[in-house]
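Everything below concerns the one structure shown next.
Just so it is clear, none of the values below were taken in a lab; they were calculated from the coordinates. Please read all numbers here as calculations on a predicted model, not as lab measurements. Cβ placement follows ideal geometry from the backbone for every residue including glycine, while neighbour counts extend to all protein chains displayed.
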Amino acid sequence: MKDTISTITMKELEQITYRALQESFSQVMSQTLQELDETIATTREKKRFYLKDKRTLKFESVFGQVELKRNYYQDRETGNYVFLLDQYLAFDGTKGMKSGGAGFCD
């Protein structure tokens, strides 16, 4: 049995597991945010918010980097460009996540 299983310590196993969880978290968070963004896109005030294109968002969380493409709109009433996802989540994605909020860090 010793020959078929390489020697690994509990600390090494913990590190491997933590890295796998970091990667899983990033993928699930990205997928969840993209699904929310698509829901916002289909239910938005289409006459007011014109879908311009998609822009990449990258931010660091306590579990690692999260990356996704989110919708970018022009508000026809104000002329401003906005990310509705950011507004719904009450954060400024252009500045990244603030430490202390919802478990995220800079």
| field | Low-density loop cleavage sites - trypsin sites (Lys or Arg not before Pro) in segment 1-84, where at most 14 other Cβ are within 10 Å (DSSP) | value | 2, 46, 47, 48, 76
| field | Cleavage-rule hits, GluC sites (Glu not before Pro), segment 1-93, DSSP coil, Cβ neighbours within 10 Å at most 12 | value | 45, 77
| When the Karplus curve 6.51 cos²θ - 1.76 cosθ + 1.60 is applied with θ = phi - 60°, which whole-Hz ³J(HN,Hα) does each residue of segment 30-43 get, with x for Gly and Pro? | 4, 4, 4, 5, 5, 5, 5, 4, 5, 5, 4, 4, 7, 9
| Dipole magnitude (debye, nearest 20) for segment 10-89, charges at Cβ of Lys, Arg, Asp, Glu | 400
| field | Table column - 3J(HN,Hα) (Hz), segment 53-70, Karplus curve with 6.51, -1.76, 1.60, x for Gly and Pro | value | 5, 10, 10, 7, 10, 10, 8, 9, 10, 5, 9, x, 6, 10, 9, 7, 9, 10
| remark: Length gained, residue 92-residue 7, 0.36 nm per residue minus C-alpha separation, equals 25.9 nm
| remark: Full extension between residue 48 and residue 78 adds, at 0.36 nm per residue less the Cα distance, a length in nm of 9.9 nm
